[in-house]
Amino acid sequence: MLMLSMTAWGVQRFPPPQFESGYQIPQTTTPMPHPPIRDVIDSAVFLVALGMASWLTLKKRSRKWIVGLMLFSLFYFGFFRNGCVCSVGSIGNIALAAFNSEYTLPAVVLVFFLAPLVFTLFFGRGFCAAVCPLGAMQDIVLIRPVRVPEPLEAALRLLAYVYLAFAVLFAATGSLFVICRYDPFVTFFRFNGNWNLWVLGISFLLISLFVGRPYCRFLCPYGVILRQLSRISRWRVKITPDECIQCRLCEQACPFGAVVKPSKPLPPAENARSKRTIAFLIVLLPILAALGGWIGSAMHPTLARAHPTVRLANRIDAEMAGLVQGQTDASEAFRASGQDVQLLRLEAVSIRYRFWVGGMMAGIALGLIAGGKLIASAVPVVRKEYEAHRAGCFACGRCFAYCPVEQKRRIDQSIMNTK
Amino acid sequence: MTQPNKPINRRDFLRDGLWGACFAGLAGTGAVLASKSSQQRFVWQIDPAKCTACGNCATFCVLQESAVKCVHAYQMCGYCDLCTGYYRPEPSALDTAAENQLCPRGAIIRTYVEDPYFQYTIDESLCNGCGKCVKGCAAFGNGSLFLQVRHDLCVNCNECAIAAACPAQAFKRVPADKPYLLKGQG
Ligand code: SF4
Ligand code: SF4
Ligand code: SF4
Ligand code: SF4
């Protein structure tokens, strides 16, 4: 065992020589990572960009300027800073820090996680419009948007909730950072990576040519949180700050399906029916939650395999039971290190337990969300005019130019300015 | 429900309440997380005591050329003529011919110091961190060759892809102002 454990570490077999020629023993070089001041600069640039995005989307109301800031963010946070730190991926660090006391959260990550949430609560999703490099990457390549039918859109959107739930579960248990691992565009930002990352990135880019911001709409786990905050934001993007004259010109303007039509209150007969549907769905809610919780907890042995310690313990057990032949690198390294199998098993048991609890919570949450979405879809909405959907609008500013009232306002304004 | 104004007001009221709750929630989350955070940055590094030189470092890095390179703790080195990190087992001659070398990249430079000693230096632009030399050196030599994440190359991924693939769980986050775990330094 001792021999084995020394295989990689090595032992001093030959004494270091006594040199006679005046030879100087060289030092091992240690090139340093970038200096800490860069984090401060990044945070400052980030906050300024967020502030500018809010001003551009709400006050300046100019798509051209928004695109300008978006390109800046794409180059700075994307290509220059290699796409890391990013708010979307910071979910992983936050979840790990929340559930694991050994992990220290770098302050810059906290800034990147929290600032867009606060800004969204006040000003809507200016972050998505012009600061997030992932969003920018998809936005600039969109050339021929196709409309995604509303029910399909709603169904696909649930994927993002599932993604968020699993990303938090895996990060909180210290297994892996799913969001960072499968970040579709970081390969472009680094301009470096192995081929499967390139395939993932290029396919997303190709889809983005025809489907507006597919990652943002259907997968982005950070977008899920931003959507909810944007629903109740203090200020928000309006197609025109003046009155909508219902000319319908903006109806097709939004490539993300976020311009919503006016709707009238339902006639009494239908209203009664919709009330019955809602009552039924409310009864269904706890059932969905229970079902989700049950599925989530039942999946825990499979989910737990995402954790390297559980994988190793499973492998060692299988080897000891003679179910598998030979050793893997991991089991070999474990044996060579001379650690206690019993301790490993205990650790695996506690991780599996955390997956049981976490899987159940994630399942319950997803059940409630699915049920909540069903209820929301059955509640009739009364809308007086065309407007940008509170949650779905990325504040990209495309629709402004379609509105004749807005055009008139701009002309009036420029006349005012020249006077 | 018959007056059209009432529900809208109630809605606004609800929304305001929710807004306040969300704001308080964010502030609270921020405060809790801030107490767990620090100005210190962390970077990835290999604990050479755990690394088994499995070869994953060469292939799993997100960079095409791995940011992990072999480094040399010269003060531990025996400066052997027959270096088992440099030569394949049973080399035909102790020269610099490629067929005798263990390193698939020819990344180790052998230079004569004085009789009978030779210095071995890694050319990091050629090394891909495969760890063949590390294994060879550890098995029959002093173990002075080992693998380290080089921070002039590493882009410091939020989660290191090699760390996730390392069979020995040898990767850890270390403070950015002490980013190396060198051998032979206590
Ligand atoms: S939805 Fe997500 S990926 Fe898209 S812009 Fe917003 S934060 Fe970025
Ligand atoms: S993956 Fe781990 S064990 Fe393998 S060479 Fe790298 S550090 Fe060493
Ligand atoms: S054998 Fe592998 S690790 Fe050693 S110097 Fe050559 S490429 Fe680098
Ligand atoms: S952090 Fe990223 S770049 Fe650095 S060694 Fe790991 S995978 Fe490679």
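The values are calculated or read from the model by the stated rules, or taken from the named source; none is laboratory data. All values derive from a computational prediction rather than experimental measurement. Note: ideal-geometry Cβ built from the backbone for every residue, glycine included; neighbour counts use all protein chains shown. Keep in mind that these areas ignore ligands, DNA and RNA; they rest on the heavy atoms of the full protein, side chains included. Shrake-Rupley method; radii C 1.70, N 1.55, O 1.52, S 1.80 Å.
Taking amide H positions as modeled 1.01 Å from N, with prolines and chain starts lacking one, the residues under 5 Å from B:TYR87 and 5 or more places away or on another chain are B:LEU102. Summary value for chain B: 34 percent relative contact order, contacts being C-alpha pairs under 8 angstrom separated by 6+ residues. The figure for A:HIS34 is an accessible area of roughly 50 square angstrom, using a 1.4 Å probe on the protein chains alone. For B:ARG105, nonlocal amide neighbours, meaning residues 5 or more places apart or on other chains whose placed amide H falls under 5 Å from its own, do not occur. For chain A, the number of Lys pairs separated by eight or more positions or lying on different chains, with C-alpha atoms closer than 17 Å, is 13. Across segment A:268-378, the relative contact order, built from alpha-carbon pairs under 8 Å that are at least six residues apart, equals 55 percent.
Partner lysines whose Cα lies under 27 Å from the Cα of B:LYS50, excluding those fewer than 8 positions away in the same chain, are identified as B:LYS69, B:LYS132, B:LYS135, B:LYS172, B:LYS178, B:LYS183.
Charge dipole (Cα centre; +1 on Lys/Arg Cβ, -1 on Asp/Glu Cβ; no other charges) of the protein assembly as shown amounts to roughly 3540 debye.
Diffusion coefficient of segment B:42-175 by Stokes-Einstein, Kirkwood radius over Cα pairs, 4 °C, 1.567 mPa s: 86 µm²/s. Convex hull volume of the C-alpha atoms in the protein assembly as shown, normalised per residue: 194 Å³. The order of A:MET320, A:MET70 by accessible area, most exposed first and with a 1.4 Å probe, is A:MET320, A:MET70.
Between B and A, buried accessible area from a 1.4 angstrom probe totals roughly 5900 Å², ignoring ligands, DNA and RNA.
Near the amide H of B:VAL113, within less than 5 Å, lie the amide hydrogens of B:PHE118, B:GLN119, all on another chain or at least 5 residues away, with H placed in the peptide plane. For the residues A:MET52, A:MET32, a 1.4 Å probe over the protein chains yields an accessible-area ranking, largest first, of A:MET32, A:MET52. Mean projection of the Cα convex hull over all viewing directions, computed for segment A:147-287: 13.3 nm².
With no solvent and one equal point scatterer placed on each C-alpha of segment A:268-378, evaluate the Debye formula and give log10 I(q)/I(0) for q = 0.13, 0.17, 0.20, 0.22 Å⁻¹, two decimals. One equal scatterer on each Cα of segment A:268-378 leads to -0.63, -0.82, -0.97, -1.06. The HN-Hα couplings worked out from phi for segment A:113-121 by the Karplus form 6.51 cos²θ - 1.76 cosθ + 1.60 (θ = phi - 60°) are 7, 7, 4, x, 5, 5, 4, 5, 4 Hz, whole numbers, x standing for Gly and Pro.
Per-residue surface analysis assigns A:MET416 an accessible area of about 140 Å², computed on protein heavy atoms at 1.4 Å probe radius. Accessible area per residue was computed with a 1.4 Å probe on protein heavy atoms; A:TRP55 scores about 140 Å².
Counting Cβ atoms of other protein chains within 10 Å of each residue's Cβ and taking the mean over peptide B:62-71 gives 2.
Ranking A:LEU205, A:LEU50, A:LEU71 by solvent-accessible area of protein heavy atoms (1.4 Å probe, all protein chains present), from largest to smallest, gives A:LEU71, A:LEU205, A:LEU50. Helix-only arithmetic for the protein assembly as shown: the sum of -39500 (n - 2.57) across DSSP H runs with n ≥ 4, divided by the residue total, places the mean residue ellipticity at 222 nm at -16000 deg cm²/dmol.
Within segment A:226-250, the residues that become at least 20 Å² less accessible when every protein chain is included than when their own chain is isolated (1.4 Å probe; DNA, RNA and ligands ignored) are A:LEU229, A:ILE232, A:ARG234. In percent, rounded to a whole number, the relative contact order of chain A is 23, using alpha-carbon pairs under 8 Å and six or more apart.
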